[in-house]
Amino acid sequence: PPKDTSGDARKRIAEDIAALDRIEALYQKELSHVFDRIRTRGMPVRREAWENYLAAIKAKYQRDVILKEFEALLPVEDTRGAGARRKRNPNVLDGTELPSKTLLLTFDDGPHARYTDAILAVLKKYNLQAVFFEVGHNIGTVGADGAVKLGPGAAASARVLQAGSALGNHSYTHPLLPKLDAAGYTKEIDNTNKLLKAVLKGEPALFRPPYGAQNAGILGLVESNNEKSMIWNIDSMDWADPVANSVAQRVLRQVEQHGRGVI
């Protein structure tokens with residue numbers, strides 16, 4: 001009978017896969033070094049028309065004027081972290097209160113039928129959990145009479161809980177909350193709390209304002225709901241730059257700088 005070579009073939013395939021894994025690891029390491037060194041992309045090109053345009057914009061829009069105009073939309077003063085001189089708001093968590101070398105992963109804007117599960121798969125691979133701050137209309141709907149109707153996204157939310165991770169409130173439609181009146185931001189927060197209660201079978205404990213924007217009224221409402229507002233001190237900026245190695249290097253630099261925090 002012919003010699004059985006299937007075992008040899010499997011061994012060669014396994015060796016080839018191992019070699020490819022080593023090559024990929026070296027490639028990823030080199031990419032990390034490259035992204036760590038690069039601070040700007042592309043060659044500097046002198047574009048006179050563009051520079052004139054920027055000069056006109058800077059003359060038209062003054063920093064101090066803009067800050068004064070939008071001051072009411074900024075988080076309340078004692079959450080903006082200007083050092084030890086400011087009294088800490090115990091109802092706002094920003095990562096600096098965590099023990100040294102402690103990091104908390106958070107993910108916003110879900111649930112999503114596909115991407116939420118993709119994130120859960122990575123977390124499971126490394127035996128990690130996270131907090132998922134969810135937008136209410138991705139979970140379901142709340143009628144004018146207050147009736148809750150869960151949608152397809154609620155199943156993804158349930159899988160987050162089954163994986164040992166946590167859920168938090170990220171408003172109902174992701175608006176800039178301080179631009180709304182009290183009735184408006186109350187509806188945004190309360191509607192999502194109703195949907196989360198249906199998934200959690202209990203009360204939500206965490207809230208994250210869209211864009212991190214909150215004021216005294218919003219914080220008062222969150223506190224009256226027995227929730228804490230969680231923002232962050234480590235910003236991945238993945239919405240602006242989705243290149244994975246670039247995101248990773250940006251986060252790692254901040255981790256090294258702060259030594260703890262909410263990502």
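In terms of accessible area, using a 1.4 Å probe and ignoring ligands and nucleic acids, 107, 207 rank largest first as 107, 207. According to the Kirkwood expression over distinct Cα-Cα pairs, how big is the hydrodynamic radius of the chain, in Å? Value: 21.9 Å, from the Cα pair sum. Classify the range 96-183 as rounded, prolate or oblate from the Cα gyration tensor: take a ≥ b ≥ c as the square roots of its eigenvalues, call it rounded if a/c is under 1.5, otherwise prolate when a/b beats b/c and oblate if not. It is oblate, given that a/c is not under 1.5 and a/b is not larger than b/c. With all protein chains in place and a 1.4 Å probe, the accessible surface of the chain carries 58 percent carbon and sulfur. On a per residue basis, the chain carries 65 Å² of accessible surface, using protein heavy atoms and a 1.4 Å probe.
Ligands, DNA and RNA excluded, the heavy atoms of residue 211 present near 150 Å² of accessible surface to a 1.4 Å solvent probe. With a Förster radius of 22 Å applied to the C-beta separation of residue 88 and residue 258, the computed FRET efficiency comes to 0.85. Classify the range 95-147 as rounded, prolate or oblate, taking a ≥ b ≥ c as the square roots of the eigenvalues of its Cα gyration tensor: rounded when a/c is under 1.5, otherwise prolate if a/b is larger than b/c and oblate if not. Oblate is the answer for the range 95-147, as a/c is 1.5 or above yet b/c matches or exceeds a/b.
Rounded to the nearest 20, the Cβ-based charge dipole of the chain about its Cα centre (Lys and Arg +1, Asp and Glu -1) stands at 440 debye. Of the residues 249, 224, 211, the one whose Cα sits farthest toward the positive end of the charge dipole of the chain, with +1 on the Cβ of Lys and Arg and -1 on the Cβ of Asp and Glu, is 249. Loop-located trypsin sites (Lys or Arg not before Pro) across the range 184-228 with a Cβ neighbour count of 16 or fewer within 10 Å are 201, with loop assigned by DSSP. Taking every lysine pair in the range 132-215 that is 8 or more places apart or spans two chains, those with Cα atoms closer than 17 Å amount to 6.
Dividing the mean sequence gap of close Cα pairs (under 8 Å, 6+ apart) by how many residues the range 193-251 holds gives a relative contact order of 27 percent.
Structural descriptor for the chain: relative contact order 22 percent, calculated from alpha carbon pairs under 8 angstrom and at least 6 residues apart.
The values are calculated or read from the model by the stated rules, or taken from the named source; none is laboratory data. What you are looking at is a predicted structure, and each value in this text was computed from that prediction instead of being measured. Glycine also receives a Cβ, built like all others from the backbone with ideal geometry; neighbour counts cover every protein chain displayed. With ligands, DNA and RNA removed, areas are computed over all heavy atoms of the protein, side chains included. Shrake-Rupley method; radii C 1.70, N 1.55, O 1.52, S 1.80 Å.
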